[in-house]
1. Between 0 and 90 degrees, rounded to the nearest ten: what's the tilt of helix 3-13 against the longest Cα principal axis of the chain?
2. Given R₀ = 30 Å, what would the calculated FRET efficiency be for GLU58 paired with THR13, taking r from the Cβ atoms and rounding to 0.05?
3. If you project the alpha carbons of the stretch 3-81 onto their three principal axes, what span does each projection cover, largest first, in Å?
4. With a cap of 12 neighbouring Cβ atoms within 10 Å, and only residues DSSP puts in a loop, list the trypsin sites (Lys or Arg not before Pro) found in the stretch 1-65.
5. Using the alpha-carbon atoms, what tilt in degrees (0 to 90, nearest 10) does helix 67-81 show relative to the longest principal axis of the chain?
6. Sort by residue number and name the cysteines in the chain that have no neighbouring cysteine Cβ under 4.7 Å.
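No value in this document is a laboratory result; all are computed from the given coordinates. Fair warning: this is a prediction, and the values are worked out from it, not measured in the lab. FYI the Cβ positions are ideal-geometry reconstructions off the backbone, even for glycines, and counts take in every protein chain you see.
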Amino acid sequence: MSLGQKFTEHPATVGETYGEHFFAAMGFSLSLLRAAFCCGLHAVFPFLCEKTGSQCIEGLYERMVKNRSRLAEERKGKTVEA
């Protein structure tokens, strides 16, 4: 397997180009950093960020699982129509 294939094999399995996958994964990473920061802040100050961590996780689930499923279905539809 060539080096180029190593960068594109996994993104292709989820219906994305390398660039699309890069930006999606970086977005998830930044969301997780925010959640981690808020959870750490909540650990020290229990009255702060009481729901922020769970809201971040719910948002990530929406983006990662539900949106990816929807996008995959849309792409299938475009392939069939073409």
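1. Long axis of 3-13 versus the principal axis of the chain: about 80 degrees.
2. Computed FRET efficiency for GLU58 and THR13: 0.75.
3. 53, 31, 12
4. Of the trypsin sites (Lys or Arg not before Pro), the ones in loops of the stretch 1-65 whose Cβ has at most 12 other Cβ atoms within 10 Å are LYS51.
5. Tilt of helix 67-81: around 20 degrees.
6. Result for the chain is CYS39, CYS56, no neighbouring Cys Cβ within the cutoff.
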